[in-house]
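Asker: Take this structure, written in structure tokens, and hold onto it; I'll ask about it next.
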Amino acid sequence: MKSVARFYRHAHLSFKALFGWLNPGVYLMVMVINPLSQLLFFAMLAKYAFQGSNLAGYVVSNALLLCVMNAVFGMMTVINTDRQMGTLQLVVASPASKIAVFFARAIFHIVSGLFTAALGLAFGMLIFGLTFSGEQLAWLGLVWTVSISAACGLGFVISSFALWSPSMHIWSNLLASVLLLFSGASFPRSHMPDWMYRLSEFFPLTRGVEATKLLIRTGDNGFTTLLTQMAVEGLLGCGFFLLGILLFYYAEYLARVKGTMEME
């Protein structure tokens with residue numbers, strides 16, 4: 001129990017300190033007002049472009065995409081803030097498990113991403129008058145948990161670039177735009193060029209968006225397809241987290257050889 005309590009304490013303090021939410025007003029502006037305005041814009045755009053066809057699917061899919069703020073910009077702080085504050089050397093030199101350290105830092109971003117997406121869903125239901133069954137909402141919770149975890153895995157890979165590049169905002173903004181474009185949340189993926197369609201298969205949230213639309217469209221049917229998509233999404237997320245850890249260990253090896261954490 002002590003190890004679990006220590007893990008939770010580390011996760012909570014890291015989230016508050018490294019993500020900059022010591023001021024609740026900042027959290028409200030960045031993680032509530034900004035995502036809700038994004039949801040409203042893309043939902044209205046989809047409503048206009050498709051004459052209201054399958055509006056519920058587009059609203060709920062865009063609610064899922066609100067997690068990008070956590071998955072990309074939040075996960076960017078996992079390594080980047082340590083480097084800026086000069087504490088990255090302490091993390092590298094510490095005998096603590098790096099996997100446990102970074103997973104503890106990631107878990108609250110997953111929870112915060114779920115909260116932001118759920119808030120967006122409630123906002124969309126209120127504005128557009130949408131209703132869903134309890135079973136649909138329960139399955140949405142499962143789909144979104146897996147998809148947001150996978151997106152945080154990719155965010156962790158990008159955050160490891162902080163070991164080599166000081167310009168992390170370029171990478172994070174690029175990744176956020178790529179996820180919005182390739183997910184197919186605001187338009188059918190069938191409208192993509194063939195190369196984009198194939199490339200989108202390797203990004204997280206793509207299957208989460210498809211599963212979300214399937215769940216909204218078919219109701220109680222199609223759960224076999226949904227579970228298959230989530231299994232693939234989960235494996236993709238694990239692969240991204242593993243790649244991020246390997247990149248960090250590689251940077252740690254170079255640091256020990258060169259005697260510095262300045263890789264660029």
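Asker: Take the conditions surrounded by fewer than 19 Cβ atoms within 10 Å (Cβ to Cβ) and on the phi > 0 side of the Ramachandran plot and apply them to residue 129. Does it pass?
Answerer: Against the criterion (surrounded by fewer than 19 Cβ atoms within 10 Å (Cβ to Cβ) and on the phi > 0 side of the Ramachandran plot), residue 129 qualifies.
Asker: Could we say that residue 65 is in contact (Cβ under 8 Å) with a residue 60 or more places away in the chain, more than 30 Å from residue 253 (Cβ to Cβ) and buried (at least 21 other Cβ atoms within 10 Å of the Cβ) here?
Answerer: Considered against the rule, which asks whether it is in contact (Cβ under 8 Å) with a residue 60 or more places away in the chain, more than 30 Å from residue 253 (Cβ to Cβ) and buried (at least 21 other Cβ atoms within 10 Å of the Cβ), residue 65 comes out as yes.
Asker: If the requirement is being closer than 19 Å to residue 42 by Cα, hydroxyl-bearing (Ser, Thr, Tyr) and not in a helix (DSSP H, G or I), which of these qualifies: 190, 177, 186?
Answerer: One residue alone meets the criteria, 186.
Asker: Which count do you get for residues in segment 71-97 that are polar (S, T, N, Q) and either free of Cβ contacts under 8 Å to residues at least 12 places away in the same chain or touching a strand residue (DSSP E or B) at 6+ places or on another chain (Cβ under 6 Å) (or both)?
Answerer: Here the count works out to 4.
Asker: Name the residues in segment 156-186 that are crowded, with 16+ Cβ neighbours inside 10 Å and either acidic (Asp, Glu) or more than 24 Å from residue 251 (Cβ to Cβ) (or both), would you?
Answerer: 179, 180, 182, 183, 184, 185, 186
Asker: Output the helices (runs of 4 or more DSSP H) that fall wholly within segment 55-116 and possess 1 or more residues being more than 29 Å from residue 139 (Cα to Cα), or say none.
Answerer: By residue number, 75-85, 88-93.
Asker: On to the next question. Given the criterion more than 23 Å from residue 38 (Cα to Cα), among the aromatic types (Phe, Trp, Tyr) and open to solvent by 10 Å² or more (accessible area, probe 1.4 Å), identify the matching residue among 103, 108.
Answerer: 103
Asker: For the structure I just gave you, tell me whether residue 51 is part of a helix (DSSP H, G or I), modelled with pLDDT under 85 and surrounded by fewer than 17 Cβ atoms within 10 Å (Cβ to Cβ).
Answerer: no
Okay, residues lined up against (1) modelled with pLDDT under 80; (2) loosely packed, with under 12 Cβ neighbours inside 10 Å:
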position	(1), (2)
2	yes, yes
12	yes, no
16	yes, no
27	yes, no
30	yes, no
36	no, no
41	no, no
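Asker: Only one of these conditions is not met by residue 143: (1) under 20 Å from the mean Cα position of the chain (by Cα); (2) closer than 30 Å to residue 89 by Cβ; (3) touching a residue at least 60 places away in the same chain (Cβ under 8 Å). Which number is it?
Answerer: (2)
Asker: Would you call residue 131 part of a loop (DSSP other than H, G, I, E, B) and within 25 Å of residue 33 (Cα to Cα)?
Answerer: Yes.
Asker: Could you say which residue among 153, 234, 120 is within 20 Å of residue 42 (Cβ to Cβ), in contact (Cβ under 8 Å) with a residue 24 or more places away in the chain and either part of a loop (DSSP other than H, G, I, E, B) or open to solvent by less than 50 Å² (accessible area, probe 1.4 Å) (or both)?
Answerer: Exactly one residue qualifies, and that residue is 120.
The values are calculated or read from the model by the stated rules, or taken from the named source; none is laboratory data. Only a predicted model underlies this, so the values are computations on that prediction, with no experimental measurement involved. Quick reminder, even Gly has a Cβ in these numbers, built from the backbone with ideal geometry, and neighbours come from all protein chains shown. Accessible surface is based on the protein model in full, side chains and every heavy atom, while ligands, DNA and RNA are left aside. Shrake-Rupley method; radii C 1.70, N 1.55, O 1.52, S 1.80 Å.
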